[in-house]
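Report on one structure; see the data block that follows.
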Amino acid sequence: MGECARLPALWIIAYPDKIVEMSSLRVCILSLSLVLASSGLAQSSPAPRVDALIHEEMARQHIPGVAVGVVRNGEVVMAKGYGFANLELGAKVTPETVFKIASVSKQFIAAAVMLLVQDGKLGLDDPLAGFFEDAPNGWRRITLRHLLSHTSGFERELPGWDYLKTYSEAEIEAMARQGKIEFAPRERYQYSNTAYFLLGLVVSKVSGKPWADFMRKRVFEPLGMNATRATTWRDLVPNRASGYDWSGSGWTNDRALLSVRTSGAFLSSVTDLARWEAALVTNRVLTAASLRQMGAATRLAGGGSHPYGLGWNLEEYRGRRAMGHGGALLGFRSHYLRLLDDGLTVIVLANSSSANAGLLAQRLAACWLPDLD
């Protein structure tokens, strides 16, 4: 069955003065709808191979805790936690553990824009300048589509941005006005958190409510995504995971970022993200037309294209069409991988700066799709 079957079933995680041996963890399955024959899943459960793979990768990558969700054609086939959400308290990861999902959040900001498009309140090709009084001249050629697809020309980060400080929306707008536009729209692709900061401001202006409230009312509450919310360092968040860094000899607490805006906006769990995936499959929130636009490669001015849609990376993985997104913040790594031809989605949330969540998601996909090995 490929590499998953060859991995050892035991893992050891080490941190200062202690070695903890973990040979079994509690399984928490969100759905019993495992219709194997009709869905094309392997006839035998891959769970033992999945456990072995995750245990090995956690030890190799120095990850205290991981939550994994696997969804097939809108049905949850696995949701499970491994290791520790908090090393100091010995709190274990469960499917309900809440992680910073970092730039996996970009798909939600893109969804907010698409909802407003569906409402007829804005258009993807509306100029950015139309949403701001006395906007800089350079903003007149930039559209919302350019911002969503990272082809606006804005520099990656706001000038003077400090993640260890907090900012008001007015301060963010003022910083963006001072930011550099480094090339003409659609001249090339350049990943830009600044672009997504501006999209958050647009969502707030057009909807008439803060972007976090808009997402809560239009997406999270209707879908029962009760753990998903704007990233906060002040509020009490049930089941919140702590973030860690591997120093070479053990784990340390990583710094807590105080200002995480719409570029990496949300906290979530694999339970909630599985609900979101089911909503995508059934067009419960976004229409099929909206999803097609979000999943289309970005056309560049020179005639070529770049494999990024609207809030999603577009990929080909081992000959299969794929879309997804990774996320990285101090102490956390995340990855959301959708293998479109197979209807298989793998979600990985980890609380370590050293984690390669994308690699883990790909290796997990091979446990359900052995020909990916």
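The values are calculated or read from the model by the stated rules, or taken from the named source; none is laboratory data. Predicted model, so just to flag it, every value in this text is computed and none were measured. Heads up, the Cβs are rebuilt from the backbone with ideal geometry, glycines too, and the neighbour counts pull from every protein chain shown.
General observations
- Residue in the stretch 159-178 that is modelled with the highest pLDDT, counting only those that are in a loop (DSSP other than H, G, I, E, B), crowded, with 16+ Cβ neighbours inside 10 Å and touching a Lys or Arg at 6+ places or on another chain (Cβ under 9 Å): 167
- In the stretch 232-283, counting only strands (runs of 3 or more DSSP E) that sit wholly within it, the ones holding 1 or more residues that are at pLDDT 95 or above and among the small types (Gly, Ala, Ser) span 266-268.
- Of all residues in the stretch 302-318, those satisfying the criterion of being touching a residue at least 60 places away in the same chain (Cβ under 8 Å) and buried (at least 19 other Cβ atoms within 10 Å of the Cβ) are 308, 309, 310, 311, 312.
- Among the candidates 40, 74, residue that is closer than 30 Å to residue 207 by Cβ, surrounded by fewer than 20 Cβ atoms within 10 Å (Cβ to Cβ) and at pLDDT below 95: 74
- Taken over the stretch 211-221, the criterion of being loosely packed, with under 13 Cβ neighbours inside 10 Å and either modelled with pLDDT under 95 or under 26 Å from residue 81 (Cβ atoms) (or both) is satisfied by 221 alone.
- Check on residue 204, modelled with pLDDT of 95 or more, assigned to a loop (DSSP other than H, G, I, E, B) and on the phi < 0 side of the Ramachandran plot: no
- As a summary of the residue check, residue 187 satisfies the conditions (1) within 16 Å of the chain's Cα centre (by Cα); (2) closer than 24 Å to residue 130 by Cα; (3) part of a loop (DSSP other than H, G, I, E, B) except for the one numbered (1).
- Verdict on residue 283 being free of Cβ contacts under 8 Å to residues at least 12 places away in the same chain, assigned by TED's automatic domain parsing to the domain that holds residue 78 and closer than 20 Å to residue 113 by Cα: yes
- Tallying residues that are surrounded by fewer than 19 Cβ atoms within 10 Å (Cβ to Cβ) and either outside the structural domain of residue 177 (by TED's automatic domain parsing) or in a loop (DSSP other than H, G, I, E, B) (or both) within the stretch 129-154 yields 5.
- Residue 321 falls short on exactly one of the conditions (1) in a strand (DSSP E or B); (2) crowded, with 19+ Cβ neighbours inside 10 Å, and that condition is (2).
- Those residues of the stretch 49-65 which are surrounded by fewer than 23 Cβ atoms within 10 Å (Cβ to Cβ) and basic (Lys, Arg), in sequence order: 60
- Across the stretch 189-210, the number of residues qualifying as surrounded by fewer than 16 Cβ atoms within 10 Å (Cβ to Cβ) and either β-branched (Val, Ile, Thr) or out of contact with any His (no Cβ under 8 Å at 6 or more places or on another chain) (or both) comes to 4.
- Residue 135 being over 27 Å from residue 289 (Cβ atoms) and either touching a Lys or Arg at 6+ places or on another chain (Cβ under 9 Å) or at pLDDT 95 or above (or both): yes
- Criterion violated by residue 320 - all others in (1) within 25 Å of residue 144 (Cα to Cα); (2) touching an Asp or Glu at 6+ places or on another chain (Cβ under 7 Å); (3) among the basic types (Lys, Arg) satisfied: (1)
Matching residues to (1) assigned to a loop (DSSP other than H, G, I, E, B); (2) without any contact (Cβ under 8 Å) to a residue 24 or more places away in the chain; (3) closer than 30 Å to residue 163 by Cα:
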{"residue": "342", "(1), (2), (3)": "yes, no, no"}
{"residue": "348", "(1), (2), (3)": "no, no, yes"}
{"residue": "354", "(1), (2), (3)": "yes, no, yes"}
{"residue": "359", "(1), (2), (3)": "no, no, yes"}
{"residue": "366", "(1), (2), (3)": "no, no, no"}
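- Condition broken by residue 197, with the remaining ones in (1) outside any loop (DSSP other than H, G, I, E, B); (2) aromatic (Phe, Trp, Tyr); (3) assigned by TED's automatic domain parsing to the domain that holds residue 64 satisfied: (3)
- Residue list for the stretch 179-227, restricted to those being touching a Gly at 6+ places or on another chain (Cβ under 8 Å) and over 29 Å from residue 240 (Cα atoms): 181, 182, 183, 184, 185, 187, 190
- In the set 110, 102, only one residue is within 20 Å of the chain's Cα centre (by Cα), modelled with pLDDT of 95 or more and not polar (S, T, N, Q); that residue is 110.
- Residue that is nearest to residue 67 (Cα to Cα), among those in the stretch 82-97 that are part of a strand (DSSP E or B) and not small (Gly, Ala, Ser): 82
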